[in-house]
Amino acid sequence: MKANDFKLESGQEYTLKQLFNGKNKIVIPDLQRDYCWGDKAWNKDADNYTELVSGFIDNLISSFNEKPNDNLTLGLIYGYENPHFSIQLCDGQQRLTTLFLLIGIINRNTENNFFKDILISEAELKDDR
């Protein structure tokens with residue numbers, strides 16, 4: 001068994017690498033709303049409409065700039081594992097999708113597809129469905 005092929009346990013903290021690696025699949029059930037963080041929402045602090053994703057990204061960047069060596073907790077990601085290695089998301093879809101898209105953009109702009117194995121498994125890459 002690979003180090004990242006482990007049973008997820010409720011209430012534990014996991015890194016993005018652990019969630020997006022090995023046999024793990026993040027599944028967004030049909031009951032979840034579509035990805036909508038590109039939409040504008042009312043920001044009461046700024047007294048205007050802003051994109052939700054912009055605030056999230058700005059927070060990630062400022063947190064990294066302030067403490068580049070610290071771990072960043074992204075909050076609760078709620079879901080259940082069924083079947084094994086398939087994480088059915090109930091909460092956290094918008095954050096995880098945004099991070100997945102960012103990893104994809106970073107990967108696209110690197111010379112050696114450094115993050116390819118995190119973005120898609122070999123099995124999925126070969127699957128034409």
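Here are some notes:
- Taking the range 85-114 as the range and being over 19 Å from V53 (Cβ atoms), of a type outside the set (V, I, T) and open to solvent by less than 70 Å² (accessible area, probe 1.4 Å) as the test, the residues that pass are F85, S86, Q88, C90.
- For the range 1-15, a residue qualifies if it is open to solvent by less than 100 Å² (accessible area, probe 1.4 Å) and modelled with pLDDT of 75 or more, and the qualifying residues are G11, Y14, T15.
- Evaluation of T73 against the conditions (1) exposed (fewer than 10 other Cβ atoms within 10 Å of the Cβ); (2) closer than 17 Å to F20 by Cβ; (3) at pLDDT 85 or above shows that the sole unmet condition is (3).
- Only one of the listed residues (Y80, Y49) is touching a Phe, Trp or Tyr at 6+ places or on another chain (Cβ under 8 Å), at pLDDT 75 or above and open to solvent by 100 Å² or more (accessible area, probe 1.4 Å). That residue is Y49.
- Against the test of being in a helix (DSSP H, G or I), modelled with pLDDT of 80 or more and within 28 Å of L125 (Cβ to Cβ), the options I57, I61 yield a single qualifying residue, I57.
The values are calculated or read from the model by the stated rules, or taken from the named source; none is laboratory data. Please read these numbers as outputs of a predicted model, since none were measured by experiment. Cβ sites come from the backbone with ideal geometry, for glycine too, and all protein chains shown count toward neighbours. With ligands, DNA and RNA removed, areas are computed over all heavy atoms of the protein, side chains included. Shrake-Rupley method; radii C 1.70, N 1.55, O 1.52, S 1.80 Å.
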